[in-house]
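Read the structure below first, then the notes.
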Amino acid sequence: FKQKTAYEIRLSLVGSEMCIREGDSVLSFLPLCHAFERFHSYIYLKLGLSVFYAETVASILDNIREVKPHHFNGVPALLETIFKIFLATKAQLLTQEAQDEFEEAVKHTQTYFNSTKQAYFNNPKTAY
């Protein structure tokens, strides 16, 4: 195992499927004393990204609308909260056709997740 330098991390991120470009913006919500946030803040600064900080966890959706970030890192609990808020307000945000498409996408995602979970977590040969 070889530890990567910040330069090697930058080379692996820029032009990759993440498409990070200098001048992109990112919305952060964790305090800088959090290890996850500190690590990513160093990378954001090294890559020349504009970093915006959410005011509070409750205002993240408003901050996303305001900043329109290119990138957003989140922990699972926060992403689940955003998803629940979206589910509760989707009738106000989406047309009926878009709501139907969204429901279909969620159904396919759940089916895929369940089949993947069963394949990897119920099979002792692939569970590491």
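The values are calculated or read from the model by the stated rules, or taken from the named source; none is laboratory data. All values reported here derive from a predicted model rather than from experimental measurement. Neighbour counts are summed over all protein chains in view; Cβ atoms, including those assigned to glycine, are modelled from backbone coordinates with ideal geometry. The area values use the complete protein model at the heavy-atom level, side chains included, leaving out ligands, DNA and RNA. Shrake-Rupley method; radii C 1.70, N 1.55, O 1.52, S 1.80 Å.
Within segment 71-100, the set of residues being farther than 21 Å from Ala35 by Cα, touching a Leu at 6+ places or on another chain (Cβ under 8 Å) and open to solvent by 40 Å² or more (accessible area, probe 1.4 Å) comprises Ile85, Phe86. Counting the residues of segment 71-117 that are assigned to a helix (DSSP H, G or I), modelled with pLDDT under 80 and among the small types (Gly, Ala, Ser) gives 2. Checking each residue in segment 1-46 for being in contact with a Leu (Cβ under 7 Å, 6 or more places away or on another chain), in a helix (DSSP H, G or I), at pLDDT 75 or above and surrounded by 14 or more Cβ atoms within 10 Å (Cβ to Cβ) picks out Glu37, Ser41.
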